[in-house]
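Q: Questions regarding the structure given below will be posed in turn.
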Amino acid sequence: MIVTADPHVARQWTVLTSVTRRVAIVPTMGALHDGHLSLVRRAHEIADEVVVTIFVNPAQFAPNEDLTRYPRPIDEDLAALRHEGVSLVFLPSNDAIYPPGFSTYIEPPAVAQPLEGLLRPGHFRGVCTVVLKLFQIIPAAVAVFGQKDYQQSLVVAAMVKDLDVAISLDVAQTVRETDGLAMSSRNRYLTTDQRRRALCLWQSLSRARELFNQGQRERCQLEAAMIEALKAGRPNGVDRVEYAVVVDPQTLLPMNTIDARAVALVAAKVGTTRLIDNLILG
Ligand code: PAF
């Protein structure tokens, strides 16, 4: 496995390898868990060589967010990627991505505006900018993202389409703990009690699915049931509900009538940790 911090080495390796081999890129911020490793495994299924990038992107964190405390267990990450048969790990410094004088940012597409876009202003500007840069440095044939960051996958898809970026996208299913909690690098912040209460996110989504499968199509009813499950009689629930919505799976906007398909999305704080999750209905 090649490990490089040098964008020129990463680019040259990808360009040369792509002549005969299909290359997949899996962009990450490290602190890898089974969810990330499932993306790597998916990448192996659809490509010949897999490149993983590890970069905690400061441009997608607001000043009050967890950039400095974001976990960076790099030795463990590299051992896991070696075990998964990754060909190249690109591990750039901040300066390699944002050199002095850097001033060009992507204006994110419309689907970036609701939900995370409202609660985390500037987040998708940072995501789009770094993802486009990573696609330029590593011109792979396909990129694999996780459905756990549902809005992010729609935002990247719209950017790729709008800017004619020559890459296909593959969105892999969310990997969950046995009790249903979506795997996330941020789960490692949770105390035992918070870990127990974090399960309310999954219970809220499961409740929406249960009602949807019973025929409930009133958005307000579905959302009210999700909020109730998130609160779970306060001391057992999350500390703050940021959103719990059932929306159009493509635009993320509320639908007048919910028909065959919708997506339920939740964001909540447990202690100081912000967690998100989602489930397709129908
Ligand atoms: O999903 C993530 O881990 C990040 O948002 C990404 C796509 C690696 C960009 O920094």
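The values are calculated or read from the model by the stated rules, or taken from the named source; none is laboratory data. For clarity, every value in this text was computed on a predicted model and none was experimentally measured. When we count neighbours, we look across all protein chains shown, and the Cβ atoms used for this are built from the backbone with ideal geometry, even at glycine. Surface areas here come from the heavy atoms of the whole protein model, side chains and all, with no ligands, DNA or RNA. Shrake-Rupley method; radii C 1.70, N 1.55, O 1.52, S 1.80 Å.
Q: Only helical DSSP H runs with n ≥ 4 go in: add -39500 (n - 2.57) per run for the chain, normalise by residue count and round the 222 nm mean residue ellipticity to 500 deg cm²/dmol.
A: Numbers: 9 runs with 105 residues, N = 282.
Here the helix-only value at 222 nm equals -11500 deg cm²/dmol.
Q: Using only the Cα atoms of segment 1-64, what do you get for the radius of gyration and for Dmax, in Å?
A: 13.4, 45
Q: A follow-up question, please. Which aspartates and glutamates, if any, have their Cα less than 15 Å from the Cα of LYS133, not counting same-chain residues under 8 positions apart?
A: Result set, ordered by chain and number: ASP6, ASP95, GLU107, ASP164.
Q: Once phi is turned into θ = phi - 60°, what whole-Hz ³J(HN,Hα) does the Karplus curve with 6.51, -1.76 and 1.60 give for every residue of segment 35-43, x standing for Gly and Pro?
A: x, 4, 5, 5, 5, 5, 5, 4, 4
Q: Working from the alpha-carbon coordinates of the chain, get Rg over Rh, Rh being the Kirkwood radius.
A: Rg/Rh: 0.97.
Q: Need one number for segment 50-169: average projected area of the convex hull over its C-alpha atoms, nm².
A: Taking a quarter of the hull surface, the average projection is 8.0 nm².
Q: Cα centroid distance between segment 138-204 and segment 97-128, in Å?
A: With segment 138-204 and segment 97-128 each reduced to a Cα centre, they are spaced 17 Å.
Q: Further question on the same structure: List the lysines whose Cα sits under 26 Å from the Cα of LYS231, skipping any in the same chain fewer than 8 residues away.
A: LYS148, LYS269
Q: Ok, one more. Using only the Cα atoms, work out Rg/Rh for segment 1-110, with Rh taken as the Kirkwood radius, to two decimals.
A: 0.98
Q: Just the projected area, averaged over all directions, of the convex hull on the alpha carbon atoms of segment 157-204: how many nm²?
A: 4.9 nm²
Q: Counting only heavy atoms of protein chains, what accessible area per residue, in Å², does the chain have with a probe of 1.4 Å?
A: 47 Å²
Q: Cβ under 13 Å from ARG82's Cβ, ARG82 left aside: what net charge do those residues give with Lys, Arg +1 and Asp, Glu -1?
A: In short, -4.
Q: Provide Rg over Rh for segment 107-160; use the alpha carbon set for both Rg and the Kirkwood Rh (inverse mean inverse pair distance).
A: We get a ratio of 0.96 for segment 107-160.
Q: Separate question: Compactness ratio of segment 126-279: Cα Rg over 2.2 N^0.38 Å, N = residue count?
A: Against the empirical 2.2 N^0.38 Å value, I get 1.13 for segment 126-279.
Q: With a 1.4 Å probe and every protein chain kept in, tell me what percent of the accessible surface of the chain is carbon plus sulfur.
A: C and S atoms contribute 51 percent here.
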